[in-house]
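K.L.:
My structure is below; once you've seen it, I'll send some questions.
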Amino acid sequence: MSPMTPSERITALLIKRSRAWLATGSWQQALDDANQVITLDPLSLWGYEMKRAALHMAGDYGRAIDTFEAMLSKMAQSLDPDVQRRGDQYISPFATRATIRRIVRRTIHHSPRVLINTTTGRLHDRAEQASAFEHLPIFNELVSSTTTRIDYVRIKREVRQYFRYVMLSHNWEDDEPLFQQVIHIAVYDLDKSPTHDKLQTFCKIVRDAGFDWAWSDTCCIDKSDHFILQEALVAMFKWYQGSAMMIVFLRGVRLSSSLGALARSLWNTRAWTLQEYIAAKVIHFYTEDWTPYQNLELLNHKESPEVIWEMEQATGVSAEELMALRPGLSSIREKLHLASTRRTTLVEDAAYSLLGIFSAIGIPAIYGEGEASLGRLLANVLTRSGDVSILAWAGESSPFNSCLPARITVYNGPATSHFPAPSEMGRTITGSHTISSHLDVALRLYDRLNELLTPRFAESRMTLPCIAFKLPAFSVYRTSSGRVYRTDTTAFGMVEVRTRHDLSRMRSLYLVQPWLDTLLEHEDTRGGAFVEDGVVLQPSGNSDDEDISDEEVDYEEIDDDSSPPPGSPPLPSPVEIEPVDREMGARRLAARLRQPFGALLLQQAGTGRQAMEYRRVAADCLITVRFQECVSLADILDNVRTLDVL
């Protein structure tokens, strides 16, 4: 090895001293020494490295990045193989920027399409949101700090921190600022009005709380674009669920209002606000003069004992049940029950306000279709879930399909009144001894019912597997409470129906038992799991992935809906049925068939080819019947059918 020249000794000394200055935080002195090194030796990689580190420490990220790129360029141009190999160890600013942009795209992909920048008051679409991040010092700081290893955990943390957003929940009023108006002007420059003041104050509160982004359904959805409106209707639940906080504005509730004002508020009667409350994790309630409701000081008003009590009073559901609701196909009847007491200005919104909570993708919003909108939603949910409790109602039929209700208010009552009570089931099954002589028929009936497909819709036509018995003609009787129709049947004894339809003039009427899953005890036994779009999701502990230490994650290959890695245990099936011995299942089925149930009344739609089609005759109250002892299991087996219902 040849001895160092005087110039090389000086360069080595300056590099060593520059490194020492950096260790003490003296970036200016470190920068001066690094510049001298580069002057003495323009090819000194250590000189560029020290200069980059000093500029980064000084917060001059742009020049630090330029210096780093100059160093990489010289390494790439070097003819020395060792220098080239060393260059391969570094990550270029170009690659770092690309990684950050991918993470940004993935982060904002799950956020609302348009947000309000709380600093400027202007609307930003996703491209503008991403651009805003690149104009922040933190963007260049992340690029500058990345030389040999991409810190995915930190990048994700910084990106998520910046793109946190806060949602407004309120009841609509006249003269709300709409998208077409706000797209051309900052929120803070809107003319003075109560609704403009509501939006402006909301944005200021969000800004002062340290959040850069806000969302309001008034001005952040371009309702003139059908695709954007459709997207928002379906995604809104998850947008609220993904928000950092939801602010509820209680018009009509004042600082002086007593406890209970929240439960009685107009906000608590509207259909849209139901899913917003269920979805949001953190909520702040404000009175109409923008003071915290009941002067609550908790970080999350949703955890306040006062708020919990009021929401239980308003919904009739316990806080635990409300917290357990998730988007998708779980707790269908519970969701319909909650929605049944809510009001909407437009008829269609009774259905559209539930698109997100049921994850009902593929249902176009058609304002003007009226009550058929609810029918389309329920048909979609029933087909995906097979949950026939949707058919358990009394009232008026939908124009979409006669087996579905015209109005959601019919779900205000419990669905369980249509089904045999579990306690009665247990006593009957335990005491059942007459089945043994008919076990062969019971087994065939059990197998036949298990072979049937679940109910489903094709357009507005429903395929309904059931047990159906034809009825004799009805007679009309007048009582103090109105008209009642009665017929004496072999299968059910005396059947009594209250309806606005004149059954005495109708022929080809059938009484139907459609609750086959209940008869067969097809019950969900997954415990804490719930079904979302056909996938079983298990409750998890800490979902925060900031403890990920894998620095080799390739975000180009990651997909939010990716399959489990090789070697992972198989996912459970969407429906796990508790295994029941076939003979015992047949015995239990026979016992259940003798219990009272809420029946559906159907009529053949016509003659000839149309005679294979049926319509439900809506009753004003529950039709409660039970199979008579004289009806054998063979008779029931002969009347197992699959009907097409219009």
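The values are calculated or read from the model by the stated rules, or taken from the named source; none is laboratory data. Only a predicted model underlies this, so the values are computations on that prediction, with no experimental measurement involved. Cβ sites come from the backbone with ideal geometry, for glycine too, and all protein chains shown count toward neighbours.
K.L.:
For segment 201-222, which residues satisfy the criterion of being crowded, with 18+ Cβ neighbours inside 10 Å, in contact with a Phe, Trp or Tyr (Cβ under 6 Å, 6 or more places away or on another chain) and not in a loop (DSSP other than H, G, I, E, B)?
P.N.:
Trp213, Trp215
K.L.:
Suppose we keep only residues that are free of Cβ contacts under 8 Å to residues at least 12 places away in the same chain and of a type outside the set (A, V, I, L, M, F, W, C) within segment 153-191. Which one would you say is farthest from Asp125 (Cα to Cα)? Let's see the steps before the verdict.
P.N.:
Of segment 153-191, the ones free of Cβ contacts under 8 Å to residues at least 12 places away in the same chain are 161, 184-185, 191.
Next, from what is left, pick out any that are of a type outside the set (A, V, I, L, M, F, W, C): 161, 184, 191.
Details: Gln161: 18, His184: 13, Asp191: 23 Å.
The residue in question is Asp191.
Here is a yes/no grid of residues against (1) crowded, with 20+ Cβ neighbours inside 10 Å; (2) among the aromatic types (Phe, Trp, Tyr); (3) within 28 Å of the chain's Cα centre (by Cα):
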site: Val153; (1), (2), (3): no, no, yes
site: Asp175; (1), (2), (3): no, no, no
site: Leu178; (1), (2), (3): no, no, yes
site: His184; (1), (2), (3): no, no, no
site: Tyr188; (1), (2), (3): no, yes, no
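K.L.:
For residues that are surrounded by fewer than 19 Cβ atoms within 10 Å (Cβ to Cβ) and in contact with a Pro (Cβ under 8 Å, 6 or more places away or on another chain), scanning just segment 227-260, find the one that is farthest from Leu190 (Cα to Cα).
P.N.:
My answer is Lys238.
For every residue, the table says whether it meets (1) closer than 25 Å to Ala58 by Cβ; (2) of a type in the set (Gly, Ala, Ser); (3) at pLDDT 95 or above.
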residue	(1), (2), (3)
Ala132	yes, yes, yes
Ile138	yes, no, yes
Ile155	yes, no, yes
Glu158	yes, no, yes
Arg164	no, no, yes
Met167	no, no, yes
His170	no, no, yes
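K.L.:
Another question, if that's okay. Counting only residues that are closer than 23 Å to Tyr152 by Cα and among the polar types (S, T, N, Q), give me the helices (runs of 4 or more DSSP H) lying completely in segment 1-110 with at least 2 of them. Full working, then the answer.
P.N.:
Numbers: elements: 6-23, 27-40, 45-58, 61-77, 81-87, 93-109.
Output list reads 93-109.
K.L.:
Given Glu297, Glu369, which one is closer than 25 Å to Asp644 by Cβ, among the acidic types (Asp, Glu) and either assigned to a loop (DSSP other than H, G, I, E, B) or touching a Cys at 6+ places or on another chain (Cβ under 8 Å) (or both)?
P.N.:
On inspection, the qualifying residue turns out to be Glu369.
K.L.:
Right, something else. Return only the number of the condition from (1) surrounded by 18 or more Cβ atoms within 10 Å (Cβ to Cβ); (2) in contact with a helix residue (DSSP H, G or I) (Cβ under 6 Å, 6 or more places away or on another chain); (3) β-branched (Val, Ile, Thr) that Thr99 does not satisfy.
P.N.:
Among (1) surrounded by 18 or more Cβ atoms within 10 Å (Cβ to Cβ); (2) in contact with a helix residue (DSSP H, G or I) (Cβ under 6 Å, 6 or more places away or on another chain); (3) β-branched (Val, Ile, Thr), Thr99 violates only (2).
K.L.:
Residue pairs, Cβ under 6 Å, 6 or more apart or interchain, first in segment 292-316 and in contact (Cβ under 8 Å) with a residue 24 or more places away in the chain and in the same structural domain as Leu250 (by TED's automatic domain parsing), second among the hydroxyl-bearing types (Ser, Thr, Tyr) and crowded, with 18+ Cβ neighbours inside 10 Å. List them.
P.N.:
Short answer, once both residue conditions are applied: Tyr293/Thr287.
K.L.:
Something else: Output the qualifying pairs, or none if there are none: Cβ atoms under 7 angstrom, residues six or more apart or on different chains, first residue in segment 27-53 and assigned by TED's automatic domain parsing to the domain that holds Ile15 and small (Gly, Ala, Ser), second residue surrounded by fewer than 23 Cβ atoms within 10 Å (Cβ to Cβ) and not in a helix (DSSP H, G or I).
P.N.:
Correct list of pairs: Gly47/Asp41.
K.L.:
Can you tell me which residues in segment 118-177 are outside any helix (DSSP H, G or I) and aromatic (Phe, Trp, Tyr)? Working first, answer last.
P.N.:
In the first step, residues of segment 118-177 are kept if they are outside any helix (DSSP H, G or I); the result is 118-125, 135-136, 146-151, 163-177.
Of everything in segment 118-177, those that are outside any helix (DSSP H, G or I) and aromatic (Phe, Trp, Tyr) turn out to be Phe163, Tyr165, Trp172.
K.L.:
Would you be able to tell me the number of residues in segment 372-403 that are in contact (Cβ under 8 Å) with a residue 60 or more places away in the chain and touching an Asp or Glu at 6+ places or on another chain (Cβ under 7 Å)?
P.N.:
Qualifying residue count, segment 372-403: 2.
K.L.:
Identify all residues within segment 448-493 that are more than 27 Å from Phe400 (Cβ to Cβ), touching a residue at least 24 places away in the same chain (Cβ under 8 Å) and over 37 Å from the mean Cα position of the chain (by Cα); write none if there are none.
P.N.:
Ala473, Ser475, Val476, Thr490, Ala491, Phe492, Gly493
K.L.:
Scanning segment 307-360 for residues that are farther than 25 Å from Gly260 by Cβ and in contact with a Pro (Cβ under 8 Å, 6 or more places away or on another chain), which turns out surrounded by the fewest Cβ atoms within 10 Å (Cβ to Cβ)?
P.N.:
This residue is Ser359.
K.L.:
Check Ser304 against each of (1) surrounded by 21 or more Cβ atoms within 10 Å (Cβ to Cβ); (2) touching a strand residue (DSSP E or B) at 6+ places or on another chain (Cβ under 9 Å) and name the one condition it does not meet.
P.N.:
It is condition (1) that Ser304 fails.
K.L.:
Inspect all residues belonging to segment 571-588 and state whether any of them is at pLDDT below 70 and not in a loop (DSSP other than H, G, I, E, B). Before you say what the answer is, go through the steps one by one.
P.N.:
As a first pass, look at segment 571-588 and keep what is at pLDDT below 70: 571-580.
In the following step, the residues that additionally are not in a loop (DSSP other than H, G, I, E, B) were identified as 577.
Yes, that holds for at least one residue.
K.L.:
Go through segment 196-233 and give me each residue that's more than 16 Å from Thr119 (Cα to Cα) and acidic (Asp, Glu).
P.N.:
Asp197, Asp217, Asp222, Asp225, Glu231
K.L.:
Checking Leu274 against (1) part of a loop (DSSP other than H, G, I, E, B); (2) modelled with pLDDT under 95; (3) of a type outside the set (Asp, Glu), only one condition comes out false. Which one?
P.N.:
(1)
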